[in-house]
Structures are given as structure tokens and as C-alpha cells.
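The values are calculated or read from the model by the stated rules, or taken from the named source; none is laboratory data. All figures in this text were calculated on a predicted structure; none of them were measured in a lab. Virtual Cβ from ideal backbone geometry, glycine too; neighbours counted across all protein chains shown.
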Amino acid sequence: MNNEITGKPIDRVDGRLKITGGAQYAAEFPMKDLAYGVAITATIAKGHIASIDTRAAEKIPGVFGVLSYKNSMSLHFPQGGDPGSGKYAEKDLLPLQSDRIFYDGQMIAVAIADTFEKAEYAASLVAITYEPETAVLEIEPNASNARQPKTGLGNQPMQTKRGDASTALANAPVTIDYTYTTPVYHHNAMEPHATTAQWTGDELLIYDSTQSVYGSHSLMANMLGLEPEKVRLIALYIGGGFGSKGFSWPNTVVAAMASKLVGKPVQLALARQQMFTTAGRRSQTIQNVSLGADRDGKLLSIRHASIVETSFVDEFIEPCGVATTMLYACPNLEVTHKVVNLNRGTPCPMRAPGESVGTYALEAAMDELAVKLQMDPIALRLANYADEDPQKKKPFSSKNLRECYEQGAAAIGWKDRNVQPASMRQGRYLVGYGMATATYPANRSASTARAILFADGRAEIECCTQDIGTGTYTIMTQIAADALSLPITKVKVKLGDSDFPKGANSGGSQVSASVGPAIRAAAIDVVGKLAKLAVQDTGSPLHGLDEKTIQANNSGIYSSAEPQRGESFQALLSRLRLDRIDALATTNVSTRAPEAGQPEAIRNYSFHSWGAQFIRVLVDPDLYTVKIDKAVSVMDIGKVLNQKTATNQIMGGMIFGIGMALMESSVYDPARGRVVTRDLANYLVPVHADMPVFDIRFIDRPDVLISPIGARGIGEIGITGTAAAVANAIYHATGKRVRDLPISLEKLMD
Amino acid sequence: MYPFTLIRPESPAAAIKNATKGTKFIAGGTNLVDLMKLDIETPTALVDINGLEAFNTIETLPDGRIRVGALVKNSALAWHSEIARRFPLLSQALLSGASPQLRNMATTGGNMLQRTRCYYFYDPAFPCNKRVPGSGCPAIDGYNRNHAVLGTSEHCIASHPSDMCVALAAIDPRVMLHGPRGERSIAFAELHRLPGSTPHLENTLLPGELITAIELPSLPFAVHSHYLKVRDRASYEFALASAAVALDIQGGTIRAARIALGGVGTKPWRSKAAEKTLVGAAAGDATYKIAADAALNGAIPHKHNAFKIELAKRTLVRTLNIVGGNA
Ligand SMILES: Cc1cc2nc3c(=O)[nH]c(=O)nc-3n(C[C@H](O)[C@H](O)[C@H](O)COP(=O)(O)OP(=O)(O)OC[C@H]3O[C@@H](n4cnc5c(N)ncnc54)[C@H](O)[C@@H]3O)c2cc1C
Ligand code: SF4
């Protein structure tokens, strides 16, 4: 269809609602007798609670109670553990179940009152004493005790070998060997983790800020020991998650527990400071990368050894080296991950877990190798271009990375780059150009959706997936409108409700590729049902035709052979006196478990997205302030579903990467293990004044193997490669190689 | 936040009368309310001075001095045409601070009395000599990147965060006060205290005393001035180092100089030592470097802020060059 709306840069269907404040987030559901919870968090890194004195707090009129391990209900140990069906972030620390403390900032109590202000005041009056124990606070002194886990999240292998990396490295004519470090990063979504919980008898209604409505729903039923039918969980709008809301954190279940305690609905939103301890983070990483090449730049050996950290109550391993296993054609490779347990809150996925920090180390190392080889960094990458997945030994479903390099180089003006570091000037400023490869797996998993066509010509889509702020409502509306041949104004997509059929969780950039095909299939089934009715109906112009020759067109169904022959949906349904026709469709395709009865295309190919990131920086030669002047990204992400939302995802990812490269960093007090940069005045993210001119482009070639929609996910790939491109550009501008993020100015000063 | 009562006096006299022990004046509230939310400030009552219209004007006096009321908003002061023309360094300092929304709320009086951004001061779970006298200073052996290198003591190394005050330190206005014992004025340089052994005492105001205005001297050479702020991002962030400079250069020789530094001092840091090296010297990079060394003489680094010494020098040299016409 040439007048397809999919792909068009339409405005967000919920844009107006959001801008005008009409979109309701989890802590924005006014209800009768709503009580407010304020969380109280631990101020030691390890030990026990010795005493909790709540008397002063409970004396305040309007305070309903203080929930802690002393009066809390028992929770059931959550089964499962796959984020799609619900994962509690800290399996060995169900909230408020004991007096034990595993990290500073752990949620240990909640004060509940009739106003937020009173709850806050009450929380400050709760007197807690501790019996502290010696905590393990830093990776470096404990690195020698690091464990070497076999697998990480989703059974991803954490130790990968091919050939003999050590021997090949020892024999390589040109080698580099450097260690790159990244600090703890925090997601800091604009909307904090927030929940409103309301019991009616033994039924529970939860408004939650989650990236997995289905998962959070089943997890809550699981932990509270309820039948799933007794729980309804809703997340209509989510103010960002970036991975921090993929697992469930204490706020959700504790809101339900608090509500039970006081017999009123309870709203519980984390304070910004609490977002730094009990809502996930990215692990600190220490990554050693060794590369060996021949004199023409052909890679002979890659070694990427990472040390990361996790808490004592769950294990999330930042998979730094996963992209390294497939990015370049190289016969000898060794990727390892080690992990140290610390008394810090548990890390979790954060925008491109692994690839973000991993591509920083690998792509900075490639730049160092290019310098050593006196080779153009793009030429080095082309010399090692992987035409098939070198680890899985399967062809890629679609890879147009060469074009990404070419277009990006042209857009940034790569040919004007003087190879010599610190050689280019613009007025006072040193000028530098850097580039890096971007990559992220193209994930797809099973999804179910319902399409409903009403007699008045409107359609609704229902699916229990969620729009975490990325534009899911909009692109799903476009997909459904095309499949039904309706204008987008006639299509309403409803998401974020556990009463709807199960859709994919928002993790691994998979929603578009997973839910889009299900919605399309459901819509096509509706059209099929209508066609069947029409051919059997003597009143229809399509009577007697073969239903397979009928297709949706212009808000109705028409013969594909005779495009004028047919009728509108409205005409057909009203003649048949039907209010609605609906269909439920499941697309059971998973690139994540490709062997288990999946279509051949899925089994035989490796699915990834690609891109090239180019950065131009201006660096003050005395003060070492860095200004990103231009950022170019050329992305190969399959079909672009909406130019606007796609550009916006890549831009957001790059801004994340710029922050990661230049300023973001969570610092823990060395003596106490308490985060000291725990608000947005001290955890710096880029502001508008830091923004470069962005030039974001897409190859826009559908990946027909991943789904009939041809789109691969786009939420995470934008951050990958960006930090390396920035670091490489700063090296080119100054001749200084900083291998420790963020590259704050003191690291560049002599 | 602790409960408090709100008092809205209609005259300065009533404001002062209500400013009894445990109360606080509130102007823009952009610093005080944040600190109250974190239980760092726990006033029993707020005396809201925003109704005192008389303090909301900017007036040029016959002798050329400019009187700026304590309630004049940072944005109004920055964009005031005479301020922008006669005191570029002040206008630039104000506009480099916070964000437009905050500057539209923040006042001249409140800006001068804003409190440090030391991470530990902001977190009641930590001890802090400034917050709880005698409890200790975790910053000295902890994370001290945004801390001071000048004017520190073994009890406190917190930096003064204001940009406006750095420009004022260079200009050295009179600070007009009104308190239970009547009106008086002090030099700006006398307003802020060094931490010494009493870091909780930050200024020399007497109990219940209200800042009513500041009076900028007619300092004609301040037309040749500049404020430069160096920070981790381009906007909406406090200074790692900043410099306010005014120079009177005639025929290549410096006749008079005003130098103040930000981000590095425990109070807005005027450097008379640097000024002294400049006066009578030939304008130029060599002179400026000597001044910068003098300004940072005696600076004490800590683990994470040692770079500020060199950064402040370079910032000052750059600013001198800008005012001197070489950059
Ligand atoms: C996010 C953020 C970023 C910021 N960034 C910067 C920055 O980059 N640079 C910078 O310089 N500042 C910055 N600030 C600080 C800002 O400049 C101050 O908060 C503001 O100037 C305080 O003025 P106010 O009128 O709001 O004071 P208030 O908060 O009302 O009061 C502050 C203090 O002054 C006292 N007070 C107020 N007026 C009087 C008076 N007339 N007499 C006696 N006492 C009085 C109050 O009792 C209180 O103790 C930032 C603030 C925020 C929140
Ligand atoms: S530096 Fe000063 S404000 Fe900071 S913790 Fe030490 S005493 Fe407190």
C-alpha cells in the first residue's frame, strides 16, 4: 500500500494529553481516602536494625501507621525470574521482611498519613538505631576474589571463547592492551518509581510505573499469594524507565502492603534521593581490552575481560563483552566477566546493558589500535567487517553497516579531518573528530493482541504491553490503521492494563518488533472475519466472491481484483446488526529462544541492528571544557515506523551516551558506602545548552526476516558507540586519551 | 519537612519584630525551601518578606552609587540596563547562575545568604560541623570534588556556591541592614565569615537582622569587567572555578584592579594579593600569571579538588585576558 501511514513522521497520538497534563501517571490517580506513604531508608551499608521507635511519628494526627518488618505481612518468595513474567529485583531481599540491612538506602519502613506532608514529617520522626557490621564497599580491593559466572540475565553466556586468543595476541605484530573504567550510573527517569495500591476486599488494584505490566502483575499476585484474577495492574503512561522499571522494586509490593495495613488506598512514590539506592543502577565496570592485528589492520585476537559488581541480594552482571563476541570478524576471541559482591543496591539493566559500556571500551580500543597502525579508524573497521555472526556462525538477517559508515563520514566531514591529534583548530578551540560503531541485538518475543472493530467505524486495539514514553501508542496506532485501512483518528490503541492480552515487556528494545506483528495479525484477522461475513451475505456487493480476494481499503473491504467493488465497514456491520467484530492474535516468535520450535528464518539468522556514530568536539586548550559541536548517527534498524519517534529515540540515546562520556557518575562515600551525588544537582546529566547539532539518519531498509513489519527495536542502540565516539573525538582534539569515564576536565588538564 | 507557621508582615519593622529565635526570613525560597524539605533547616516560623515593596527597587543615587533592594530578583538585576552597562561582571555572574526560572524567583538578599552545596551538608544522615556543630566533617576524608581550596579550616572545607557574590566581592558594595537594634551597614567583605572552628556561623548578621539593600559604589572602571565561570556542563551548574575581574588599564599599564574568585573559596573570594601584583604592572599574559599565582597562594588541596588550584589560575588568567582585550 503506497499511502501507508506507517513510517510517516506523525505527531504522537498522546502528545497533546501529555503536554496538557491530562496523561495520568502511577501517582496521579486521585481516589477517596487516599493515603500517602513516604519510604524510610537505611543509613548503614550492612548490619541489623536494632530498634525502630515509631511513637513520635504515630502521635501526629493524620498519621495512620508506620510499616516495617515488625508489623509487615509475610511475602511469598517469587517464582520464575524471567522479566517477561515478572522479576523482583532483589530475590534475597523481599522488602520489610527482616531486620537485616544489605546496603545503605535499603527501604526499611514506610510512614503513612492522610497527606504527603504529614507522612514526610512522620517519616523524619521515626527513630532507628542499628547494629552495623563491616561492609564490602569497593571493587578494586576485592577484585582478586571475583567470581566467574557461567551465565547472566536470560542465560546469556558470560564466558565466551573461540580459537586461542592468548597465543594469537602473543604472536600479533601490532597489539594494544588497555583498561577502561566506567562509574556507577543511575537511570534517573523523570518519573520516579511510583505506585498507588487499593484493596477492595481481597481484590487488589495497582497503578504502577513499570516497564512490564504483565510481569509486575503476575509478580504481585505471586508475592502476595493472590490468584492472578484478583489483581489488576495498570500503567497507562510511564515517565521513562531506561531499564530501571523492568524488574520490580520495593515500591510496588510495599504500596500494597501499606494499603493493607491502614485499610486505605496508598500512594507511594520514591523521592529522587531514593532513586539512587532502591531503584536499580548500572554496575561500575573495569574492562581490560587487548587487541592484536596484522600490519594491515586485520584483527588476529580480541580479549575483553570485565570485572563488574553486584549486591549481596541478587546477581545482575553487566554484560560488557557480549557485543564484542559478534562485532568484528576475528578468529581468536576471549570474552570474560567476573563479578564482585558489594554492599550496594542491586544493579539492573540500564539502556543497552552491556553494549553501552562495552562498546565504549571496545570502540575506544579500536581507535587506539587505528592510531598505532596509522590507519583510518573507519578503514580499520571495514578491514574487520563481519559479514556473518562470527560467534554463532550464522548470517545476519540484514546488515547495512557499510552504508552507515559512509553516510556518517560524509555528514560529519570526515575527509576534512587531519589525522594528527591536536592539529585542528577553530578559533581558540581544539577540534576533534571521533567515530564508533553502534550495535544492539534485534529482539522479538511472543505477544498477543486484540483488535476490535465497532459498527461506527472505529477500532480499538488492546494489548498488555506499555508505552514507557517512547511512542509505542503512536506507532501501534499507525500499524493498526494500515492493517485496517482506517485513518489514525479512528483507531484507539489501549495498552498498560493487565486485563488485556499479554504483550511483550519493555526490555531489550523489543516492543515494536514483538507487539507490532501481533497487532497487525489481530487487525488482519478482523478483516478476514468481515470478508467471510460479506461473501456470505446476499446484501453485500462482495457476495459470492472468494474471501481470500478481499482486502481492507479506505475504511472498508473491497475486492482486490475490482477495487471499486466493496463496502465500508460501517455499512457491512450495520446491515448485519453487529456492534463489533473482534479478533485475538498471538505471534509466537522469539529471537531469544530461537531453537524452541521457531520458524526457520528465526533459527538460521543472527538478528542485530547497526549504526555508526560520529562526533565533532571543540575543546578549550587551557580550561579543557568540552563542547560537543556536532553529533551524527546513521542507523540501520530495519524499517522506520515513524521518523519522528525514531529520531527522538536515537537522539535520546546519544544524549545518554554524551552524559555517560562527559559528566554522569554516581559517587559513593568511601567510608560509608552511601551515595553522595544523590540528586539531580550532583548527578549531572546534559542540559540543552550542552546539545550539539544532531544529524540523525536511517538506512530504512525493512528486515523481512524478523517480522512482516520489518522493524527492529530502536530504544537502546542510540547510546551504544556514543561514549566511545566522544572519547575518540577528545583524543583527536587534544592528543589525550582518558580511559576513565566520565571525561571531566581535570582528567584532561596536565 | 517540619511543620511551621507562615507570617506575612507588612512593614520592615513588623518583619524584624517577628524574627524571633527559630524563625527564618523567606524571600524567593529557592534555597531555604529545598533545605527545609531535607530537614536541614527546621524553622518554626517563616517570616515572608516578599510583601515589603520598598525592598524591590533599583535606584541610582545622585553620586553615582546604585542602590539595589534586597528583594530585587536576580533576573531583574541582571537585565537592568545600568547594571549591564556599568557592571558587566555582575550581570554576567547573575546570568551564569541557576536557570531562568530560578533567577526569576531568587533575590539579591537570598542569593547572598544561600548555603553551601557540600554533598554531606545536604544529607542529614552524615555528620557535618556546619549542620550539627562538633559532629565532624566527612568531606575532608571523603568525596570533596566541589569543595574549597582557599579559606578552609580543619573543621570545614565547604565552598561558597554563589556566582553573584563573586562579582559583588570584586565590587565590594555596602550591605544595608535593619535589625532589632536599628539600621547599620557593613562592607560586603565583612558579610561572610571564614569557617574556622565555627563553620555553622556563616555571616555576621545579628539575630533578627534583615538585609534591606546593597549599595554599589560608582567604580567607573567596572565597565571594563568580566565574569567567567567554568563548570561540568554548559548551564545549570555551580562553578568549579570562576573569576570576576575589573581592570583599569591606561596606556598598557594597569592602574587599578578588582579580582575575585568563585568555586574555590569558603566565602566569595576577593584576592587583594592578586590585585596588588597587577597595579602598576604592564597588562599582559606574564603579569596575569603572576597575579594568578598570588591569588592561589596558600591554597590547600584535598583528594578530589586539587585540580581546582590550577583550574582557578587558568580561569583567572583567561578572564584577565578577556578584560585586558587579549582574548
Ligand atoms: C537547582 C539550583 C541551581 C542553582 N544554581 C546556582 C548557580 O549556578 N549559581 C548560584 O549562584 N546560585 C545557584 N543557585 C542558588 C540560587 O542562586 C539561590 O537559591 C538563590 O539565590 C537564593 O535566593 P532566594 O531569594 O530564593 O533565597 P531564600 O531561599 O528565600 O533564602 C535564602 C536564605 O537567605 C535568607 N534571606 C533571604 N532574604 C533575606 C534578607 N533580605 N535578609 C536576611 N536574610 C534573608 C533566608 O532566611 C535564607 O536563610 C541554584 C539553586 C538551585 C535550586
Ligand atoms: S565541608 Fe563543611 S559543610 Fe561539608 S561536611 Fe564538612 S563541615 Fe559539613
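Points worth noting:
- Applying the condition of being in a loop (DSSP other than H, G, I, E, B) and touching a helix residue (DSSP H, G or I) at 6+ places or on another chain (Cβ under 9 Å) to region B:238-260 and asking which residue is nearest to B:Ala148 (Cα to Cα) yields B:Leu240.
- In region B:25-57, residue farthest from B:Pro161 (Cα to Cα) [restricted to those that are acidic (Asp, Glu) and near ligand 1 (Cβ under 8 Å from one of its atoms)]: B:Glu41
- All of (1) surrounded by fewer than 24 Cβ atoms within 10 Å (Cβ to Cβ); (2) assigned to a helix (DSSP H, G or I); (3) touching a strand residue (DSSP E or B) at 6+ places or on another chain (Cβ under 9 Å) hold for A:Met476 with one exception: (1).
- Hits in region B:124-163 - residues which are more than 14 Å from every other protein chain (Cβ to nearest Cβ) and within 16 Å of ligand 1 (Cβ to nearest atom): B:Lys130, B:Arg131, B:Ala148, B:His160, B:Ser162, B:Asp163
- For region A:519-552, residues that are touching an Asp or Glu at 6+ places or on another chain (Cβ under 8 Å), under 18 Å from A:Gln564 (Cα atoms) and either in a helix (DSSP H, G or I) or not hydroxyl-bearing (Ser, Thr, Tyr) (or both) total 6.
- When residues of region B:202-237 are limited to those that are of a type in the set (S, T, N, Q) and over 30 Å from B:Arg145 (Cβ atoms), the one nearest to ligand 2 (Cβ to nearest atom): B:Thr212
- Just one of the listed residues (B:Thr108, B:Thr60) is within 28 Å of B:Asp172 (Cβ to Cβ), away from chain A (no Cβ under 14 Å), more than 10 Å from ligand 1 (Cβ to nearest atom) and not hydrophobic (A, V, I, L, M, F, W, C), namely B:Thr60.
- Some residue of region A:691-702 being touching a Ser or Thr at 6+ places or on another chain (Cβ under 7 Å), more than 14 Å from every other protein chain (Cβ to nearest Cβ) and not charged (D, E, K, R): yes
- Per the conditions (1) more than 14 Å from chain B (Cβ to nearest Cβ); (2) part of a loop (DSSP other than H, G, I, E, B); (3) surrounded by fewer than 18 Cβ atoms within 10 Å (Cβ to Cβ), the sole criterion not satisfied by A:Pro670 is (1).
- When B:Pro173 is tested against the conditions (1) touching a strand residue (DSSP E or B) at 6+ places or on another chain (Cβ under 6 Å); (2) within 16 Å of ligand 2 (Cβ to nearest atom), the lone failure is (2).
- Residues located in region A:585-610, provided they are surrounded by 24 or more Cβ atoms within 10 Å (Cβ to Cβ) and either at positive phi or part of a loop (DSSP other than H, G, I, E, B) (or both): A:Thr591, A:Phe607
- The residues listed here are A:Ala436, A:Ala410; of these, the one that is modelled with pLDDT of 95 or more and either part of a strand (DSSP E or B) or in contact with a Gly (Cβ under 8 Å, 6 or more places away or on another chain) (or both) is A:Ala436.
- Of all residues in region B:265-308, those that are within 11 Å of chain A (Cβ to nearest Cβ), crowded, with 19+ Cβ neighbours inside 10 Å and hydrophobic (A, V, I, L, M, F, W, C) total 1.
- Region A:41-91, residues that are within 21 Å of A:His217 (Cβ to Cβ), surrounded by fewer than 21 Cβ atoms within 10 Å (Cβ to Cβ) and either touching a Cys at 6+ places or on another chain (Cβ under 9 Å) or not charged (D, E, K, R) (or both): A:Met73, A:Ser74, A:Leu75, A:His76, A:Phe77, A:Pro78, A:Gln79, A:Gly80, A:Gly81, A:Ser85
- Where a residue in region A:710-722 is more than 14 Å from A:Pro349 (Cβ to Cβ) and its partner, wherever it lies, is assigned to a loop (DSSP other than H, G, I, E, B) and among the acidic types (Asp, Glu), with Cβ under 7 Å and at least six apart: A:Gly710/A:Asp703; A:Arg712/A:Asp703
- Members of region B:188-205 that are more than 14 Å from the chain's Cα centre (by Cα) and either closer than 17 Å to B:Thr107 by Cα or crowded, with 21+ Cβ neighbours inside 10 Å (or both): B:Pro195, B:Pro199
- For A:Lys747: the one exception among (1) without any contact (Cβ under 8 Å) to a residue 60 or more places away in the chain; (2) farther than 23 Å from A:Gln287 by Cβ; (3) assigned to a helix (DSSP H, G or I): (2)
- Residue within region A:178-201 that is assigned to a loop (DSSP other than H, G, I, E, B) and without any contact (Cβ under 8 Å) to a residue 40 or more places away in the chain present: yes
- B:Glu41 vs. criteria touching a strand residue (DSSP E or B) at 6+ places or on another chain (Cβ under 7 Å), without any contact (Cβ under 8 Å) to a residue 40 or more places away in the chain and within 16 Å of ligand 2 (Cβ to nearest atom): yes
- Where a residue in region B:228-239 is within 7 Å of another protein chain (Cβ to nearest Cβ) and its partner, wherever it lies, is among the acidic types (Asp, Glu), with Cβ under 8 Å and at least six apart: B:Arg233/A:Asp690; B:Ala234/A:Asp690; B:Ser235/A:Asp690
- If you go through region A:592-602 and keep only what is without any contact (Cβ under 8 Å) to a residue 60 or more places away in the chain and more than 13 Å from A:Ser707 (Cα to Cα), you end up with A:Ala593, A:Pro594, A:Glu595, A:Ala596, A:Gly597.
- Residues being outside any strand (DSSP E or B), more than 14 Å from chain B (Cβ to nearest Cβ) and either touching a Lys or Arg at 6+ places or on another chain (Cβ under 7 Å) or at pLDDT below 95 (or both) - total across region A:611-643: 1
- Note on region B:80-128: residues that are more than 15 Å from B:Ala239 (Cβ to Cβ), within 16 Å of ligand 2 (Cβ to nearest atom) and without any contact (Cβ under 8 Å) to a residue 60 or more places away in the chain amount to 6.
Each row is one residue, and each column tells you yes or no for (1) within 12 Å of ligand 1 (Cβ to nearest atom); (2) within 13 Å of the chain's Cα centre (by Cα).
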residue: B:Ile186; (1), (2): no, no
residue: B:Pro207; (1), (2): yes, no
residue: B:Thr212; (1), (2): yes, no
residue: B:Leu216; (1), (2): no, no
residue: B:Ala239; (1), (2): yes, yes
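- Tabulated pairs, region B:2-26, first at pLDDT 95 or above, second within 16 Å of ligand 2 (Cβ to nearest atom), C-beta under 6 angstrom, 6+ apart or interchain: none
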